[in-house]
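The values are calculated or read from the model by the stated rules, or taken from the named source; none is laboratory data. All values derive from a computational prediction rather than experimental measurement. Positions of Cβ are backbone-derived with ideal geometry, glycine not excepted, and every protein chain shown enters the neighbour counts. Ligands, DNA and RNA are excluded from the accessible area calculation, which covers all protein heavy atoms including side chains. Shrake-Rupley method; radii C 1.70, N 1.55, O 1.52, S 1.80 Å.
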Protein chains: 2
Amino acid sequence: MLTLNLDFRSDVPLTNQIVAQIQRQLASGVLKPGDQLPTVRALATTLRVNFNTVARAYRILDEAGIISTQQGRGTFILEQPPPETSTQLRREALNALARRYLEEAHRLGFSKQEALQAIAQRNETATEGHT
Amino acid sequence: MLTLNLDFRSDVPLTNQIVAQIQRQLASGVLKPGDQLPTVRALATTLRVNFNTVARAYRILDEAGIISTQQGRGTFILEQPPPETSTQLRREALNALARRYLEEAHRLGFSKQEALQAIAQRNETATEGHT
DNA sequence: TATACAATGATACAAAGATACAATTATACA
DNA sequence: TGTATAATTGTATCTTTGTATCATTGTATA
């Protein structure tokens, strides 16, 4: 069971304390990829904190690519610690994605131009906060 | 056998992912009118999802007139996917693909522009997989 | 003091899961 | 063949879990 220790008198915001301590437990091996973290409400209760505070900490870790929070399911440590992959690898990964996308679009009977437009028409912020 | 691919990290709800992918397989001909879909429990097991999530997806498709779910019998692709909605389905399927592609590219740290270019640079002839 | 801002809390909501139920089909057996 | 019973399949409803939005609190600073 995840045991954190908050210092309510510290100047460090509770949210940040939660983030830092989870990161530390991950680095020290107490938490491992695939592990499920306590629910925001459960952890909030043990920490005697509002569950939104835990939720905020979880979101920060989520946006950092460290955990995955899934509404209705729970939050989990991701398999891959933040990938500092080379630009080369990232490029290859993107190309693989692009190839698959085009193939599927073609199977649906769309041309490359139509496939391009389908993407161009999407607003950029649609990928915000992926969990 | 119907094979879907869920992304638990996406901010697209699992239910919507299931709906979109079934529409896609229908539009691409993998699924044909009269075909029986897996039972809600069977599909849920393979997708590692609660069967209510599949049931919700089936209901959406049912209400859209695409499939017919029958308690105690199963769910089937309707004989008559309203012909004019065919292009509509293809369109929605493409949009779902585009959204997913952008999300994954974004996760790799690429902008929408870079994602677009990655496709634009590919040659058109990647259309294997027709029928 | 007053105002602005950041951190936290409160409340309502949405997505997914758990459980019990109803309709249909399959099976056993007289 | 007919009927009872079990198994299968979708449905209804409530619970669990994270999200969004606004209110409150404390603190810095003009």
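Across the alpha-carbon atoms of the protein assembly as shown, the computed radius of gyration and Dmax are 21.4, 67 angstrom.
Counts of other chain beta carbons within 10 angstrom of each beta carbon in peptide B:107-117 average 5. Under 18 Å of direct C-alpha separation, and excluding same-chain neighbours fewer than eight residues apart, B:LYS112 reaches these lysines: A:LYS112.
The residue among A:ALA93, A:ALA27, A:THR53 whose Cα reaches farthest toward the positive pole of the charge dipole of chain A, with charges on the beta-carbon of Lys, Arg, Asp and Glu, is A:THR53.
Quick check for me: using +1 on Lys/Arg Cβ and -1 on Asp/Glu Cβ, what's the dipole size of chain B about its Cα centre, in debye to the nearest 20?
Charge dipole of chain B: 300 debye, to the nearest 20.
Per-residue mean of foreign Cβ neighbours for B:4-11 is 3 (Cβ atoms of other chains, 10 Å radius). Structure remark: mean-square fluctuation, Gaussian network model of chain A, C-alpha springs under 10 Å; the largest value among A:ALA93, A:ALA42, A:ALA27 belongs to A:ALA93. To put it simply, the accessible area of chain B at a 1.4 Å probe is 50 percent carbon and sulfur.
In this simple spin-label approximation, B:THR45 and B:ASN95 carry label points 7 Å from Cα along the Cα→Cβ vector, and these lie 3.5 nm apart.
Take chain A with all the other protein chains still there, run a 1.4 Å probe, and you get 59 Å² of accessible area per residue.
The convex hull built on the alpha-carbon positions of chain A has an orientation-averaged projected area of 10.8 nm².
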